[in-house]
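To start, the structure itself, in structure tokens.
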Amino acid sequence: MSDDSPTGTTPLHLQGRDAVIAACPDARWRHGAPPDYHLSREVMPGERTTRHEPGSLADIVEQLVQVFEMELSHKADPAQWVSMVTDRIKVSLNGGPPADAAELAERGSYNILIGENPYYSAAEESFESSHQVFHQAFPGGFFWEVLEVYSPPPVITFKWRHWGTFSGPYKGTEPTGERIELYGVTVARCAPDLRLVETEHFYDNTTFLGSLSGVTPRPGSAQA
């Protein structure tokens with residue numbers, strides 16, 4: 001196991017986003033600077049539904065996946081990703097074809113993890129435009145938490161919740177001000193040091209996107 005921590009116990013990719021950002025001053029940030037997670041620090045603690053014991057498996061998984069998402073979204077060079085085995089990583093949605101590191105870097109996680117849908121077409125979006133679509137719809141943040149962990153490494157299966165307030169337009173649809181909640185399950189295969197090797201994500205993207213488009217019921221929504 002690689003060891004990049006000051007104490008000699010915890011590898012860098014398990015220390016959280018802030019530690020990874022601080023340890024990578026020469027990273028090729030897509031927007032010229034590291035991402036700002038002040039909304040996660042200020043808003044998320046009061047809206048999350050779970051509290052994990054520090055150092056528990058659920059806490060470790062949540063921090064690892066947060067680093068994984070940060071690197072996919074903000075680090076332009078896959079060679080600088082520390083949360084995964086870059087030359088082996090595969091990411092798939094709902095049993096579909098997997099994407100490798102090069103495709104993730106080119107197309108972006110939003111496009112890979114949504115794909116083609118009646119309410120969103122990944123083929124019509126670039127990396128940059130895909131992020132703009134959802135940042136515009138959720139200007140107050142779109143947060144993520146681990147709810148339950150069902151199996152330990154090397155194959156970690158866990159349930160998660162994604163949520164935010166629909167307070168900005170989505171592809172011409174006016175916002176409702178509702179809290180949109182999305183639930184799913186991920187199967188993550190890990191290396192011995194817990195770097196990610198493969199992630200398979202399962203969730204109902206049609207109901208989620210239909211909620212933003214105003215054309216389907218919102219069974220996972222709650223009034224904000």
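The values are calculated or read from the model by the stated rules, or taken from the named source; none is laboratory data. None of these values were measured; they are calculated from a predicted model. Ideal geometry is used to build each Cβ from the backbone, glycine not excepted, and the neighbour counts take in all protein chains shown. These area figures cover heavy atoms from the full protein model, side chains too; ligands, DNA and RNA do not enter into them. Shrake-Rupley method; radii C 1.70, N 1.55, O 1.52, S 1.80 Å.
Which residue pairs have Cβ atoms under 8 Å apart, sit 6 or more places apart or on different chains, and have a first residue in the range 83-109 that is open to solvent by less than 10 Å² (accessible area, probe 1.4 Å) and a second that is of a type in the set (Lys, Arg)?
As it stands, the answer is 83/195; 84/195; 99/90; 99/107, since those pairs meet every condition given.
Only one of these is out of contact with any Pro (no Cβ under 8 Å at 6 or more places or on another chain) and either in a helix (DSSP H, G or I) or closer than 14 Å to residue 61 by Cβ (or both): 186, 206, 176. Name it.
186
Assess whether residue 145 counts as being of a type outside the set (S, T, N, Q), in contact with a strand residue (DSSP E or B) (Cβ under 6 Å, 6 or more places away or on another chain) and open to solvent by less than 30 Å² (accessible area, probe 1.4 Å).
Numbers: of a type outside the set (S, T, N, Q): yes; in contact with a strand residue (DSSP E or B) (Cβ under 6 Å, 6 or more places away or on another chain): yes; open to solvent by less than 30 Å² (accessible area, probe 1.4 Å): yes.
Yes, satisfied.
Under 6 Å between Cβ atoms, which residue pairs at least 6 apart in sequence (or on different chains) link something in the range 177-197 that is farther than 18 Å from residue 165 by Cα with a partner that is at pLDDT below 95 and hydrophobic (A, V, I, L, M, F, W, C)?
Once the first residue is farther than 18 Å from residue 165 by Cα and sits in the range 177-197, its partners that are at pLDDT below 95 and hydrophobic (A, V, I, L, M, F, W, C) give 193/1.
In the range 151-171, what residues are of a type outside the set (A, V, I, L, M, F, W, C), open to solvent by 10 Å² or more (accessible area, probe 1.4 Å) and under 19 Å from the mean Cα position of the chain (by Cα)?
Within the range 151-171, the first condition is being of a type outside the set (A, V, I, L, M, F, W, C), and the residues that meet it are 151-154, 157, 159, 161-162, 164-165, 167-171.
Right, trim to open to solvent by 10 Å² or more (accessible area, probe 1.4 Å) and you get 151-154, 157, 159, 162, 165, 167, 169, 171.
Once the filter is applied, which keeps residues that are of a type outside the set (A, V, I, L, M, F, W, C), open to solvent by 10 Å² or more (accessible area, probe 1.4 Å) and under 19 Å from the mean Cα position of the chain (by Cα), the range 151-171 yields 157, 159, 162, 165.
Go through the range 52-82 residue by residue and tally those that are of a type in the set (D, E, K, R), buried (at least 16 other Cβ atoms within 10 Å of the Cβ) and over 12 Å from the mean Cα position of the chain (by Cα).
2
Of all the residues that make up the range 178-193, how many are open to solvent by 40 Å² or more (accessible area, probe 1.4 Å) and farther than 22 Å from residue 48 by Cα?
Residues in the range 178-193 being open to solvent by 40 Å² or more (accessible area, probe 1.4 Å) and farther than 22 Å from residue 48 by Cα: 2 in total.
Sort out which residues of the range 40-87 are among the polar types (S, T, N, Q) and not in a helix (DSSP H, G or I), and write them in order of number.
First, pick out the residues of the range 40-87 that are among the polar types (S, T, N, Q): 40, 49-50, 56, 63, 66, 73, 80, 83, 86.
Within the range 40-87, 49, 50, 56, 83, 86 meet the criteria.
Could you list, in sequence order, all residues of the range 12-34 that are in a loop (DSSP other than H, G, I, E, B) and surrounded by fewer than 16 Cβ atoms within 10 Å (Cβ to Cβ)?
We begin by selecting, within the range 12-34, every residue in a loop (DSSP other than H, G, I, E, B); these are 15-16, 24-28, 30-34.
The answer is 25, 26, 28, 31, 32, 33.
Do you know which residues across the range 131-140 are touching a residue at least 60 places away in the same chain (Cβ under 8 Å) and surrounded by fewer than 18 Cβ atoms within 10 Å (Cβ to Cβ)?
Applying the first criterion (touching a residue at least 60 places away in the same chain (Cβ under 8 Å)) to the range 131-140 yields 137, 140.
Within the range 131-140, 140 is the sole residue that qualifies.
Can we say residue 9 is under 21 Å from residue 159 (Cβ atoms) and either surrounded by fewer than 15 Cβ atoms within 10 Å (Cβ to Cβ) or not polar (S, T, N, Q) (or both)? Can you show your working first?
Working: under 21 Å from residue 159 (Cβ atoms): no; either surrounded by fewer than 15 Cβ atoms within 10 Å (Cβ to Cβ) or not polar (S, T, N, Q) (or both): yes.
When the stated conditions are applied, residue 9 does not pass them.
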